[in-house]
Amino acid sequence: MNRPCIIIGFTKLLLVYFTLLGAHSALAQNQKFSLDEVIERRDTSFINVHTAIGQIGRDTTLVKEFIEKCRAADYPEGMTVGLDRLAINYRNASQYDKAISVHKEALVYSERCKSIIFKVTSLNMLGVVYRRIDRVKEGMDAHQEALELIDKSGLNDHNALKSTAVSHNSIGNIYLTMREGDLALKEFALSMDIERKIDNKLGLAINYQNIGGIYEEKGQLDKALESFEMSLAYNDSISSDYGRVICKNSIGNIYILQGKYQQALDLVLPTISVAEKNGDMYYIVETYTNTGRGYLGINNLPKAQFYLEKALDVAKKHSLQFYIAENYKHLSKLSEQQGDFKKAFEYSELFYENEKKFLNKENQDYVANLIMKYDSEKKKDTIDLLEKENELVNLKLSDNKKLFTALVLVLVLLSGLLYFFYRQHKLKSEKELLSMEQTMLRSQMNPHFIFNSLNSIKLYIINNDKDKAVYYLNKFSKLIRAILTTSQERDITLHDELATMELYMNIENIRFSNKINFETSIDPHINTNQIKIPSMILQPFLENAIWHGLSSKEGDKRVSLKVQKATENVVEIQIEDNGIGRKRSREINSNKTLNRKSIGIQLTQDRLENYFKKTEGEYSIHIYDLEDEKGFPTGTMVSIKLPAKYMNLHHELEMEA
């Protein structure tokens, strides 16, 4: 997930954004004022004051001196811009409490400024700080207030348009953080339209970066890569080192998701020195994390562990909650690859615990309420007009009618409030229940089959169903023993593979209350003890049958596994389910924010290809969509045909004949 890179990128580029805003406008006016001249003139132009402070922006000592001069001169415009600049420096040093305090002081002075752009800018900058520390509500309120100020003022000049673009982009990032991709895309589109209108290359770079993040969340990696590359091109055109680092990390992340780990490392590694030189902890953790993921991908586990643990340490030190959760997730995968499943499980639990802190219920509920709120605000003009008409009507009513109307309104309001609180209480209870169910589901599914199996069995223990717990624990232990026994072998007999799959289906069936009817049939002329195949090659297809075929199906659920002769020299294994079919499964998965992904089938194909490459004849895997007479899907059938790489098969058949 590339969400942090987008948020970081916007935060950093926002600073460059306003710096270039001041520089560009000053050049356009062909004049440049010193700090003392600005104070002496008591300049009320946002551009002039912002350009002047830009000359010393990163020098905190000089900025403080400027603030004190403005304070002595009682110069609100200078105080507002100076305090905002100081707060940005605190933010870049990860001193977020100080940044918030100073931005709030700037807002106080902005009330006395002649132009609302001073206050709008302070609100946008404050919103960025809140977003960095996951205070979604305060961040959204700040950016929304900035938009409302511009809207009420009627301003449509260059500064107002840029501030509007910034607000929409920030709100889009908040939606993206809360995994509301469609809403985020609408906000980014509004921001993008403005940036094109005023031909602002940096703004376009920021929005292409953010839109790429949405495509990444949706699993559309090619579109995401295209957007990130567009952003990089714009950053190259304005020579933005910050922008280049952001985009290269985003592109590197896509490469990692595509399995191009070395390409990702080649792109991301050079950005570490830039991030460390800048001193921004967000950037440093981002580059460490991506580097660790890249090394994990090429199986350089020592280097992967070094960078992931380094990223986690910095994230903990600076309370960067998202990165704390993410690095626990990657360390869980690392431990799994190292064979330390106990540690992998511990890291997985820490990941879920910290992810809940990042995606906390308060933030999610707040965003849900905002969706309803902002839809209502689209009708604001109509409501205002109706209220004015209401006032005119009320003035003409007699005292008795006014009292009667007031009583009716009070009763309606009370009824509405009672219904509202009832609905809120009901929704809250449902959300809490759903949240618990989702948390349990995630714990069962990640990071490894061993964990969800243990969690499933754990439920029987919790419910004090000792007989079933012991029964399935025995099944589970046999399954683990079978997997461990065959893990060191290149191949096993088909008989052992079928026995292992029987155990696997028993364990998986727990999650479906044992409602899946699993049947196995074997051609009596085939001796499965004489057939050799790679271990666990059938598991991915059974897993797909369950999770993509049957998990969304109501009623009867069946999976059958059939072993038969296809030809004299070929054995066919058929796995058939009566699920919803692949087309419907894709439609369901495409509507999910985070799709369940598996490389199991591809890995199985690679293993079979390697296993049979020296054998006469070829293996084949075909997947068929089953339909009834009317063309409605009735399930899926997988056909796996294997050549006779079993020297004793033919002898056995002759003996039986």
Looking only at the range 487-504, filter to residues that are more than 37 Å from the chain's Cα centre (by Cα) and among the β-branched types (Val, Ile, Thr); which one of those is surrounded by the most Cβ atoms within 10 Å (Cβ to Cβ)? Ile492
Residues (surrounded by fewer than 24 Cβ atoms within 10 Å (Cβ to Cβ) and either more than 22 Å from the chain's Cα centre (by Cα) or among the polar types (S, T, N, Q) (or both)) located in the range 281-309: Ile298, Asn299, Asn300, Leu301, Pro302, Lys303, Gln305, Phe306
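Within the range 143-193, which residues are on the phi > 0 side of the Ramachandran plot and of a type in the set (Lys, Arg)? First the steps, then the outcome.
Initially, the range 143-193 is screened for residues on the phi > 0 side of the Ramachandran plot, giving 154, 179.
If the condition is that a residue be on the phi > 0 side of the Ramachandran plot and of a type in the set (Lys, Arg), then Arg179 is the only one that fits.
Quick check: is even one residue across the range 133-144 under 16 Å from His50 (Cβ atoms), not charged (D, E, K, R) and not assigned by TED's automatic domain parsing to the domain that holds Asp280?
Pass one, the range 133-144, residues under 16 Å from His50 (Cβ atoms): none.
The answer is no; no qualifying residue exists.
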Here are some conditions: (1) surrounded by fewer than 19 Cβ atoms within 10 Å (Cβ to Cβ); (2) polar (S, T, N, Q); (3) assigned to a helix (DSSP H, G or I). Gln564 meets all but one. Which one does it not meet? (3)
Set Thr19, Thr11: member being outside the structural domain of Ala325 (by TED's automatic domain parsing), under 30 Å from Gln220 (Cβ atoms) and at pLDDT below 50: Thr11
Which residue pairs have Cβ atoms under 9 Å apart, sit 6 or more places apart or on different chains, and have a first residue in the range 49-61 that is under 10 Å from Ser34 (Cβ atoms) and a second that is part of a loop (DSSP other than H, G, I, E, B) and at pLDDT 85 or above? Ala52/Asp43
Tally up the residues in the range 532-541 that are surrounded by fewer than 21 Cβ atoms within 10 Å (Cβ to Cβ) and under 19 Å from Arg582 (Cβ atoms), please. 2
Meets criteria (under 23 Å from Tyr130 (Cα atoms) and in contact (Cβ under 8 Å) with a residue 12 or more places away in the chain) for Leu269: no
Exactly one of Asn529, Asn514, Asn509 is surrounded by 15 or more Cβ atoms within 10 Å (Cβ to Cβ) and among the polar types (S, T, N, Q), and that one is Asn509
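May I ask you to list the residues in the range 180-195 that are in contact with a helix residue (DSSP H, G or I) (Cβ under 7 Å, 6 or more places away or on another chain), over 18 Å from Asn124 (Cβ atoms) and of a type outside the set (Asp, Glu)?
Gly181, Leu183, Leu185
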Do we have Thr520 as in contact with a strand residue (DSSP E or B) (Cβ under 6 Å, 6 or more places away or on another chain) and farther than 28 Å from Asn578 by Cα here? no
Can we say Lys248 is surrounded by fewer than 20 Cβ atoms within 10 Å (Cβ to Cβ), basic (Lys, Arg) and outside the structural domain of Ile324 (by TED's automatic domain parsing)? no
Condition check: at pLDDT below 90 and over 18 Å from Ser170 (Cβ atoms). Does Gly219 satisfy that? yes
Any residue that is outside the structural domain of Met281 (by TED's automatic domain parsing), over 22 Å from Ser45 (Cα atoms) and not in a helix (DSSP H, G or I) - is there at least one of those in the range 157-179? yes
Output yes when any residue across the range 188-197 is surrounded by 24 or more Cβ atoms within 10 Å (Cβ to Cβ), more than 24 Å from the chain's Cα centre (by Cα) and over 18 Å from Leu232 (Cα atoms), and no when none is. no
Tell me which residues, restricted to the range 238-257, are more than 12 Å from Ala275 (Cα to Cα) and in contact with a Phe, Trp or Tyr (Cβ under 8 Å, 6 or more places away or on another chain). Cys247, Ser250, Ile251, Ile254, Tyr255
The one condition in (1) among the hydrophobic types (A, V, I, L, M, F, W, C); (2) within 28 Å of Ile621 (Cα to Cα); (3) touching a helix residue (DSSP H, G or I) at 6+ places or on another chain (Cβ under 6 Å) that Leu473 fails to fulfil: (2)
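Got at least one residue in the range 91-103 being in a loop (DSSP other than H, G, I, E, B), buried (at least 18 other Cβ atoms within 10 Å of the Cβ) and modelled with pLDDT of 90 or more?
The answer is no; no qualifying residue exists.
Would the range 520-536 turn up any residue that is at pLDDT below 85 and of a type in the set (A, V, I, L, M)?
Yes; the residues of the range 520-536 include at least one that is at pLDDT below 85 and of a type in the set (A, V, I, L, M).
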Yes or no: the range 270-277 includes at least one residue that is assigned to a helix (DSSP H, G or I) and buried (at least 23 other Cβ atoms within 10 Å of the Cβ). no
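The values are calculated or read from the model by the stated rules, or taken from the named source; none is laboratory data. This structure is a prediction, so every number in the text was calculated from the model and none was measured. Here Cβ is always computed from backbone atoms with ideal geometry, including for glycine, and neighbour counts include all displayed protein chains.
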